[in-house]
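Structure first, commentary second.
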Amino acid sequence: MRDSVSLSAGIGNFNECVALACERGLGIELMAFSAPAILDGDWRKLDKEYKLALQDLPGRLSLHGPFMDVVSGSPDERINMVTYGRYEHVIRIASGLGADQVVFHANYIGLLHNAAYRQGWHQRNVDFWGPLGDYAQAYDVLVAIENMWEFDPAIIGNLLAELEHPYLKACIDIGHAHLFSDADLHFGDWLETLAPWVIELHMNNNNGVIDEHHGFDWAGGALDYEALLPMMRSLPLNPLMVLEMDRVSDMRESLRYFQLGD
């Protein structure tokens, strides 16, 4: 089976990413609409430019939503309102561009391991994501909840299991899982726990300490993608594999790991 691969395209490398995607039959994940300055600025102009530039994109189109300082399921309802408004906005943009899914972070405070916080977070996020799933369904855009600071995949897994919403799924960031998981958990635990919902994977390499976005072959990398990729291919929903790397040259070099059929 051909791997479904996309390139994470920011403002600065958008054209280069699109050129590589068209060359190799890949998709694009847009990062621009994660930026508050764009969402509060002339986002319509950028939206129009992207529609034109992406009309011949050979692969899938997805968006990464806002993640800086937004909190889903906050105890402060005003914060929830801001976050919900941001997420609704990006879902509408995604729908207009023809994207089939959007990624938002789960926003769990990873340093808090106490049971009371975890139980409160769970219920508040059930209340937050349920209505957002309904909103996404109205626009026919899947929402993938991504791990960042979460130390246990069950934090997101339990949330999705309770919600049982057809438009709420999961995105596993491989680097985040490696950096922030509890010491007794392994990548296989993330796959096993979240397998029923995983529709996207974020992929890069880091040094095992800092959340860096290097290519698979980076000399200081702590992640072995030769070993990891067969595990990912066993997931039931054939997830989108997004190369979330700083340099397009790293994305190009990392493509040798994938089954692209060319």
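Results, tabulated for the structure shown:
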read-out	value
Cut-off 10 Å between beta-carbons: net charge of the residues surrounding ASP262, Lys and Arg +1, Asp and Glu -1	+1
Ranked packing of 132-138, 154-160, 26-32, most packed first, by mean Cβ within 10 Å	26-32, 154-160, 132-138
Karplus-derived HN-Hα couplings along the stretch 55-65 (A = 6.51, B = -1.76, C = 1.60, θ = phi - 60°), whole Hz, x at Gly and Pro	5, 10, 4, x, x, 7, 10, 9, 10, 9, x
Within-12-Å neighbourhood charge of ALA170 [Cβ basis; K, R +1; D, E -1]	-3
Ellipticity estimate at 222 nm from DSSP helix runs (n ≥ 4, -39,500 (n - 2.57)) divided over the chain, nearest 500	-13000 deg cm²/dmol
The chain - charge dipole about Cα centre, Lys and Arg +1 at Cβ, Asp and Glu -1, debye rounded to 20	620 debye
Sequence-separation-based contact order of the chain, relative, with Cα cut under 8 Å and 6+ spacing, percent	18 percent
Fraction of beta bridges assigned by DSSP in the chain that are antiparallel (%, nearest 5)	5 percent
Sum of side-chain charges, LEU142 neighbourhood, beta-carbon under 10 Å (Lys, Arg +1; Asp, Glu -1)	-2
Over the stretch 4-96, relative contact order from alpha-carbon pairs under 8 Å, at least 6 apart, %	28 percent
Burial order of peptide ranges 86-98, 9-21 (average beta-carbon count within 10 Å, highest first)	86-98, 9-21
The stretch 156-262: GluC sites (Glu not before Pro) in DSSP coil with no more than 13 other Cβ atoms inside 10 Å	GLU164
The chain, accessible area per residue, ligands and nucleic acids excluded (1.4 Å, Å²)	44 Å²
Rounded, prolate or oblate (a/c below 1.5 giving rounded, otherwise prolate when a/b exceeds b/c) for the stretch 164-262 by Cα gyration tensor	oblate
The stretch 108-262 - percent of accessible surface contributed by carbon and sulfur, probe 1.4 Å	53 percent
Long-range amide H partners of GLU146 with built H, under 5 Å	PHE104, HIS105, ALA106, CYS171
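The values are calculated or read from the model by the stated rules, or taken from the named source; none is laboratory data. These numbers were taken from a predicted model, which means no experiment stands behind them. Note that each Cβ is placed from the backbone with ideal geometry, even for glycine, and that neighbours are counted across all protein chains shown. The area values use the complete protein model at the heavy-atom level, side chains included, leaving out ligands, DNA and RNA. Shrake-Rupley method; radii C 1.70, N 1.55, O 1.52, S 1.80 Å.
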